[in-house]
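Peer 1: Here's a structure for you.
The values are calculated or read from the model by the stated rules, or taken from the named source; none is laboratory data. None of the values given here were measured: they were computed from a predicted structure. A quick note on method: Cβ atoms are made from the backbone with ideal geometry, for glycine too, and the neighbour counts reach across all protein chains shown.
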Amino acid sequence: MDLRRLEIFAKVAELGSFSRAADTLSLTQPTVSEHVRALEDELGVQLLDRLGRGAMPTRAGVLFLGYTHRLLALAREARQAIDQFQGRTSGELTIGGSTIPGEYLLPALIGQFRGKYPDICISLLIGDSRQVSEWVDEGRVELGVVGARPVPRTVESRPLASDELVVVVPAGHPWFERGVVGLGDMRGEPLVLRERGSGSRDAFERALEAAGLDLAAFRVVGEMGSTEAIKQAVRAGVGISLISKRAVQDECRAKLLHCARVQDLPVSRSFYLVTHRDRSRSPLAVAFLEFLESQFPVETS
């Protein structure tokens, strides 16, 4: 089975498009189509439904995609093992991060790690916490950092770093100079939240549950799929929000936004380092895990 064909099939399935996969892989679209067709002929089954300009895995394609990710990961692991045997640390590593650690924590850590190993390439995929845990489960990424404990039984986790959620308000808001906001005050304000499945949303709901409350007590006026969208909505006056302090530090320093603690509802959480319980790890993944663990003391959950 040709590994290049597997790589092309996985890229088309990931991007949902033959043309986008061709651009990403620096190939022509006919070449991409021919490789996928040859793989389908070899297996005797259709892997992708051609839907106009798009492409979607068939049921057989979904099944085969999981094995494809594992085969490609094993090939990368083999190359890295040979490099390591020869005294080099090189190769490619794909990791996942939920929104906050993916955008505000991991990039700087990746930069530091590449300072030690300049011949490597790290791809960072960003999704919500559930998506990243599923990617680890499927073998699409070797490890992830998320804001909520993973659900799949095949995935194990440990707390890596702490995070604090704060109330964020726009410039000109009556709370702009306040350091602490009462929970009762928040119940009278329009509230913008992350979507279900995000770590920050889960942390807020768990804190409310511990206080004997739920979201029905608040004026939720919007749900958004990224922290950046939340920040822009708050700046535009759509409502206030409760998001990671790490995500708004720059805006608060520039006085574009203001953050305050919730007096009677301390909301904190951990970022979790997630890995597959049984799947072997490439030498590069092992090195990156050791690097992460050296940067953060082991926390207790």
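Peer 1: Please work out which residue is surrounded by the fewest Cβ atoms within 10 Å (Cβ to Cβ), limiting yourself to the stretch 30-48 and to residues that are in contact (Cβ under 8 Å) with a residue 12 or more places away in the chain and either hydroxyl-bearing (Ser, Thr, Tyr) or under 17 Å from Glu14 (Cα atoms) (or both).
Peer 2: Gln46
Peer 1: What are the residues in the stretch 186-217 that are surrounded by fewer than 19 Cβ atoms within 10 Å (Cβ to Cβ), under 19 Å from the mean Cα position of the chain (by Cα) and at pLDDT 85 or above, if any?
Peer 2: Glu195
Peer 1: Just wondering, is there one or more residues in the stretch 73-94 that are among the β-branched types (Val, Ile, Thr) and within 30 Å of Ser244 (Cβ to Cβ)?
Peer 2: First, pick out the residues of the stretch 73-94 that are among the β-branched types (Val, Ile, Thr): 82, 89, 94.
Now narrow it down to the ones that are within 30 Å of Ser244 (Cβ to Cβ): 94.
Yes, there is a match, as at least one residue in the stretch 73-94 is among the β-branched types (Val, Ile, Thr) and within 30 Å of Ser244 (Cβ to Cβ).
Peer 1: Among the numbered criteria (1) in contact with a helix residue (DSSP H, G or I) (Cβ under 7 Å, 6 or more places away or on another chain); (2) among the β-branched types (Val, Ile, Thr); (3) touching a residue at least 60 places away in the same chain (Cβ under 8 Å), which one does Ile126 miss?
Peer 2: The one condition Ile126 does not meet is (3).
Peer 1: Something else: Of the residues that sit in the stretch 117-141 and are in a helix (DSSP H, G or I) and of a type in the set (Asp, Glu), which one is surrounded by the fewest Cβ atoms within 10 Å (Cβ to Cβ)?
Peer 2: Glu138
Peer 1: Continuing with the same structure: Cβ-Cβ under 6 Å, sequence separation 6+ or interchain: first residue in the stretch 219-235 and free of Cβ contacts under 8 Å to residues at least 40 places away in the same chain, partner among the aliphatic types (A, V, I, L, M) and part of a helix (DSSP H, G or I). Which pairs?
Peer 2: Taking only residues 6 or more apart or on different chains, the pairs are Met224/Ile230.
Peer 1: If I filter the stretch 131-179 down to residues being basic (Lys, Arg) and within 24 Å of Leu74 (Cα to Cα), which single residue comes out as modelled with the highest pLDDT? Spell out how you get there, then give the answer.
Peer 2: Going residue by residue through the stretch 131-179, those that are basic (Lys, Arg) are 140, 149, 153, 158, 178.
Filter again for within 24 Å of Leu74 (Cα to Cα), leaving 140, 153.
Values: Arg140: 87, Arg153: 83.
For the stretch 131-179, the residue satisfying everything is Arg140.
Peer 1: Filter the stretch 218-240 down to the residues that are in a strand (DSSP E or B), among the hydrophobic types (A, V, I, L, M, F, W, C) and surrounded by 14 or more Cβ atoms within 10 Å (Cβ to Cβ), then identify the one that is modelled with the lowest pLDDT.
Peer 2: The extreme case among them is Met224.
Peer 1: Continuing with this model, one more query. How many residues are touching a residue at least 24 places away in the same chain (Cβ under 8 Å), part of a loop (DSSP other than H, G, I, E, B) and either under 30 Å from Thr275 (Cα atoms) or β-branched (Val, Ile, Thr) (or both) if we restrict to the stretch 49-88?
Peer 2: Here the count works out to 1.
Peer 1: Could you say whether any residue in the stretch 151-160 is in contact with a helix residue (DSSP H, G or I) (Cβ under 7 Å, 6 or more places away or on another chain), surrounded by 21 or more Cβ atoms within 10 Å (Cβ to Cβ) and farther than 21 Å from Leu71 by Cβ?
Peer 2: Pass one, the stretch 151-160, residues in contact with a helix residue (DSSP H, G or I) (Cβ under 7 Å, 6 or more places away or on another chain): 151-152, 154-155, 160.
Next cut, surrounded by 21 or more Cβ atoms within 10 Å (Cβ to Cβ) only: 155, 160.
Okay, now just the ones that are also farther than 21 Å from Leu71 by Cβ, so 160.
Scanning the stretch 151-160 turns up at least one residue that is in contact with a helix residue (DSSP H, G or I) (Cβ under 7 Å, 6 or more places away or on another chain), surrounded by 21 or more Cβ atoms within 10 Å (Cβ to Cβ) and farther than 21 Å from Leu71 by Cβ.
Peer 1: Quickly run through the stretch 218-237 and pick out the residues that are of a type in the set (S, T, N, Q) and under 16 Å from the mean Cα position of the chain (by Cα).
Peer 2: Within the stretch 218-237, Ser226, Thr227 meet the criteria.
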